Amino acid sequence: EDNPVARSFLCRVVRESLIDIVRTVGEPGVEVVGGSPANVALGMGRLGTTPRLLTALGNDARGHRIAELLERSGVKIDPASWSLQHTATAAALIDARGVAQYEFDIEWNVPAPIQLAAAQVVHLGSIAAFLPPGADTLTAFIDELQGQAMVTFDPNIRPALVGSHASAVARVEHLASRSNVVKLSDEDASWLWPAASSDEVLDHLLECGATLVALTLGGAGAAAATRDHRVQIAAPTVPVVDTVGAGDTFMAALIHRLVTQPDLLHSTSESELIRAVHFAVIAASITVQRAGADLPTTKDVHAALQSQSGVAAKETLR
């Protein structure tokens with residue numbers, strides 16, 4: 001159910017927004033609102049948390065389409081976001097497995113210095129963490145933020161846009177050292193540290209300074225670790241339409257749980273960690289059943305959790 005604590009929390013999302021031009025092989029393209037931060041903000045809004053999004057939009061039809069969709073889902077657009085000549089795009093080609101490959105036309109710039117506006121949670125990452133000049137402004141902001149807010153970070157690596165491998169690794173490690181929560185995909189981890197196992201990646205990011213690290217594993221679910229506990233949650237078997245927005249859904253759902261249960265980072269039991277990661281896995285499993293980044297509401301996630309519990313109970317009785 002919706003939680004009044006979530007509604008009273010101020011979360012600041014600082015990242016890029018864009019239009020996804022989604023093409024399936026043999027089909028015409030369809031334009032949908034996308035971009036990892038916009039997806040995370042939208043997902044948080046639908047789950048009952050009211051985020052404020054500082055992004056970069058053009059004062060054009062695509063920019064206003066992004067703003068209108070986000071605002072309908074409870075997201076507040078920071079006025080400083082209207083800073084581009086034209087709104088960015090990402091062409092997503094969906095293959096036979098439902099997996100998206102991207103090509104980008106994007107510019108990322110935000111006014112400096114970034115204003116905190118009393119946020120209790122600040123989320124960052126994706127292209128905005130790597131693409132200059134906005135990435136440098138964002139890094140300076142996070143460096144000055146220590147102790148003022150919970151920081152969550154998802155690198156969401158796009159190899160064509162993050163610069164050299166060495167510089168990307170250095171930036172991820174630096175931002176991880178300033179973050180309370182780091183979430184990345186197994187593909188991100190393989191690109192950043194190709195010789196490392198999942199456990200080694202979790203260990204490394206904890207050593208960098210993160211309190212909680214989550215690693216999404218595609219159809220296998222997700223793993224998460226704190227200094228005291230390590231869990232792996234299987235994903236339910238569902239029909240996959242495409243994977244667009246799945247990782248962002250997981251991130252939005254995990255932030256939502258941190259907002260509604262702020263002590264989760266400081267006194268996390270294994271059972272609490274399991275419940276939080278399970279909630280995020282179930283939320284992501286809903287998104288992959290839908291075309292594009294159509295993220296679920298709290299009602300959707302609770303219905304899926306209840307349905308899964310019912311199936312598990314029936315299996316136990318057999």
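The values are calculated or read from the model by the stated rules, or taken from the named source; none is laboratory data. Everything quoted here is computed from the prediction, not taken from an experiment. Cβ placement follows ideal geometry from the backbone for every residue including glycine, while neighbour counts extend to all protein chains displayed. Keep in mind that these areas ignore ligands, DNA and RNA; they rest on the heavy atoms of the full protein, side chains included. Shrake-Rupley method; radii C 1.70, N 1.55, O 1.52, S 1.80 Å.
Looking across the stretch 221-258 at every residue that is closer than 20 Å to L47 by Cα and of a type in the set (S, T, N, Q), the one that is surrounded by the fewest Cβ atoms within 10 Å (Cβ to Cβ) is identified as T243. Tell me whether the stretch 17-40 contains one or more residues that are touching a Ser or Thr at 6+ places or on another chain (Cβ under 7 Å), at negative phi, surrounded by fewer than 18 Cβ atoms within 10 Å (Cβ to Cβ) and modelled with pLDDT under 85. So far as the stretch 17-40 goes, no, none of its residues is touching a Ser or Thr at 6+ places or on another chain (Cβ under 7 Å), at negative phi, surrounded by fewer than 18 Cβ atoms within 10 Å (Cβ to Cβ) and modelled with pLDDT under 85. For the stretch 69-86, taking the residues that are under 20 Å from G134 (Cα atoms) and assigned to a helix (DSSP H, G or I), the one that is most open to solvent (accessible area, probe 1.4 Å) is identified as P79. Got at least one residue in the stretch 151-165 being assigned to a helix (DSSP H, G or I) and touching a residue at least 40 places away in the same chain (Cβ under 8 Å)? There is at least one residue in the stretch 151-165 that is assigned to a helix (DSSP H, G or I) and touching a residue at least 40 places away in the same chain (Cβ under 8 Å). Of all the listed residues (A90, A118, A96), the sole one being in a strand (DSSP E or B) and at pLDDT below 80 is A90.
A quick yes/no check of all residues on (1) open to solvent by 20 Å² or more (accessible area, probe 1.4 Å); (2) over 22 Å from V213 (Cβ atoms); (3) touching a Ser or Thr at 6+ places or on another chain (Cβ under 7 Å):
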site: A56; (1), (2), (3): no, yes, yes
site: I66; (1), (2), (3): no, yes, yes
site: A88; (1), (2), (3): no, yes, no
site: A91; (1), (2), (3): yes, yes, no
site: E103; (1), (2), (3): yes, yes, no
site: A128; (1), (2), (3): no, no, no
site: P132; (1), (2), (3): yes, yes, no
site: L145; (1), (2), (3): no, no, no
site: R158; (1), (2), (3): yes, no, no
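Identify the residue in the stretch 263-294 that is outside any helix (DSSP H, G or I) and within 25 Å of A225 (Cβ to Cβ) and, among all such residues, is modelled with the lowest pLDDT. Lay out the reasoning, then the answer.
Of all residues in the stretch 263-294, those outside any helix (DSSP H, G or I) come to 266-269, 288-294.
Keeping just the survivors that are within 25 Å of A225 (Cβ to Cβ) gives 266-269, 288.
Details: H266: 82, S267: 75, T268: 78, S269: 90, V288: 95.
So, considering only residues that are outside any helix (DSSP H, G or I) and within 25 Å of A225 (Cβ to Cβ), the one modelled with the lowest pLDDT is S267.
With assigned to a helix (DSSP H, G or I), in contact with a strand residue (DSSP E or B) (Cβ under 9 Å, 6 or more places away or on another chain) and either crowded, with 19+ Cβ neighbours inside 10 Å or at pLDDT below 95 (or both) as the only criterion, which of A189, A210 stands out?
Details: A210 fails: assigned to a helix (DSSP H, G or I).
A189 is the lone residue from the list that is assigned to a helix (DSSP H, G or I), in contact with a strand residue (DSSP E or B) (Cβ under 9 Å, 6 or more places away or on another chain) and either crowded, with 19+ Cβ neighbours inside 10 Å or at pLDDT below 95 (or both).
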